[in-house]
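Student: So that we are looking at the same thing, I have put the structure below in structure tokens.
We did not get these values from a lab; they are worked out from the coordinates using the rules stated. Just so it is clear, the structure is predicted and the values come from calculations on it, not from any experiment. Don't worry about glycine lacking a Cβ; one is built from the backbone with ideal geometry, like all the others, and counts go over all protein chains shown.
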Amino acid sequence: MAIKVGEKIPSVKLKTMKDGKMSDITTDEIFRGKKVVLFAVPGAFTPTCSMQHLPGFVEKASELKAKGVDTIACISVNDAFVMGAWGKDKGADNKVLMLADGNAEFAKALGLDFDGSGIGFGVRSQRYALVAEDGVVKVLAVEEPMKFQVSSADAILARL
């Protein structure tokens with residue numbers, strides 16, 4: 001079952017890069033007491049993710065913050081080193097928190113994982129975006145497979 005609007009974000013330990021080192025960060029730390037936009041992509045450096053999804057949130061970061069968003073975060077089933085390098089490559093520093101869900105634990109806890117082994121991806125996260133306030137989902141926009149319409153930065157801005 002996929003998470004729904006009104007439900008609490010599950011407590012999961014993720015990874016991020018901090019001062020050049022891999023560091024633990026929990027969903028409780030990310031979401032507690034904050035308004036957070038989290039968007040998930042199937043893979044770092046993949047075409048739609050790299051050319052549209054992440055760049056859109058980097059470009060619209062100030063507009064999202066102006067609407068009261070405390071944190072913008074990107075998550076993928078990749079390791080923290082890949083997410084850190086991808087964030088640097090796309091100019092996400094100080095705009096988008098890059099999160100690694102290397103074992104797909106968060107994607108599975110949300111019920112938003114999929115089996116991409118047919119194309120050599122293994123277990124991955126579906127493409128989605130959500131808005132949570134103090135850890136409770138207020139907006140959830142899950143894409144249909146191979147689509148990019150409802151989880152873009154513009155689409156989320158329109159729903160804030």
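Student: Pairs of Cα atoms under 8 Å, at least six residues apart: use those to get the relative contact order of region 1-81, whole percent. Write out the running numbers ahead of the final one.
Tutor: Numbers: 79 pairs, mean separation 26.8, N = 81.
Once divided by the residue count of region 1-81, the mean separation gives 33 percent.
Student: So, one more: Is there a quick way to get the dipole size of region 13-159? I mean about its Cα centre, with the Cβ of Lys and Arg at +1 and of Asp and Glu at -1; what is the value in debye to the nearest 20? Walk me through the numbers before you get to the answer.
Tutor: On the way: 19 positive and 19 negative charges, 50 e Å.
Charge dipole of region 13-159: 240 debye, to the nearest 20.
Student: Right, next: Report the extension gain between Q52 and E133 in nm, rounded to one decimal, defined as 0.36 nm multiplied by the number of residues separating them, less their alpha carbon distance. Write out the running numbers ahead of the final one.
Tutor: Numbers: separation 81, 0.36 × 81 = 29.16 nm, distance 2.53 nm.
The Q52-E133 span can extend by a further 26.6 nm.
Student: Something else now. Translational diffusion coefficient of region 13-159 at 25 °C, 0.890 mPa s, Stokes-Einstein with Kirkwood Rh over Cα pairs, in µm²/s as a whole number. Before the final figure, lay out each step's value.
Tutor: Numbers: Rh = 15.0 Å.
Reported coefficient: 164 µm²/s.
Student: Report the relative contact order of region 13-159, percent, no decimals, based on alpha-carbon pairs under 8 angstrom and at least 6 residues apart. Intermediate values should be presented prior to the final figure.
Tutor: Values: 284 pairs, mean separation 41.2, N = 147.
This gives 28 percent for region 13-159.
Student: Please report the antiparallel percentage of DSSP beta bridges with both residues in region 13-159, rounded to the nearest 5. Don't skip to the end; give the middle numbers.
Tutor: Numbers: 22 of 32 bridges.
Taking every DSSP beta bridge with both residues in region 13-159, the antiparallel ones total about 70 percent.
Student: If you average the alpha carbon positions of region 1-39 and of region 89-118, how far apart do those two centres end up, in angstrom?
Tutor: Between the Cα centres of region 1-39 and region 89-118 lies a distance of 10 Å.
Student: Okay, next question. Using +1 at the Cβ of each Lys and Arg and -1 at the Cβ of each Asp and Glu in the chain, identify which of Y128, G118, T46 lies farthest towards the dipole's positive end.
Tutor: Checked the options; the winner is Y128.
Student: Set the bar at 25 Å for Cα to Cα. Now go through K18/K147; K18/K138; K65/K108; K60/K90; K15/K67; K67/K108 and name every pair that lies beyond it. It would help to have the intermediate numbers written out before the result.
Tutor: Numbers: K18/K147 32 Å; K18/K138 29 Å; K65/K108 28 Å; K60/K90 13 Å; K15/K67 27 Å; K67/K108 30 Å.
From K18/K147; K18/K138; K65/K108; K60/K90; K15/K67; K67/K108, over 25 Å: K18/K147; K18/K138; K65/K108; K15/K67; K67/K108.
Student: Using just the helices of the chain, give the 222 nm mean residue ellipticity in deg cm²/dmol: DSSP H runs with n ≥ 4 each add -39,500 (n - 2.57), and the total is spread over all residues, rounded to 500. All intermediate terms of the calculation are to be shown ahead of the outcome.
Tutor: Working: 6 runs with 40 residues, N = 160.
When only DSSP H runs of four or more count, the value is -6000 deg cm²/dmol.
Student: For I119 and S11 in the same chain, what is the full-extension length gain: residue separation times 0.36 nm, less their Cα-Cα distance, in nm?
Tutor: Values: separation 108, 0.36 × 108 = 38.88 nm, distance 2.99 nm.
Once the chain is fully extended between I119 and S11, it gains 35.9 nm.
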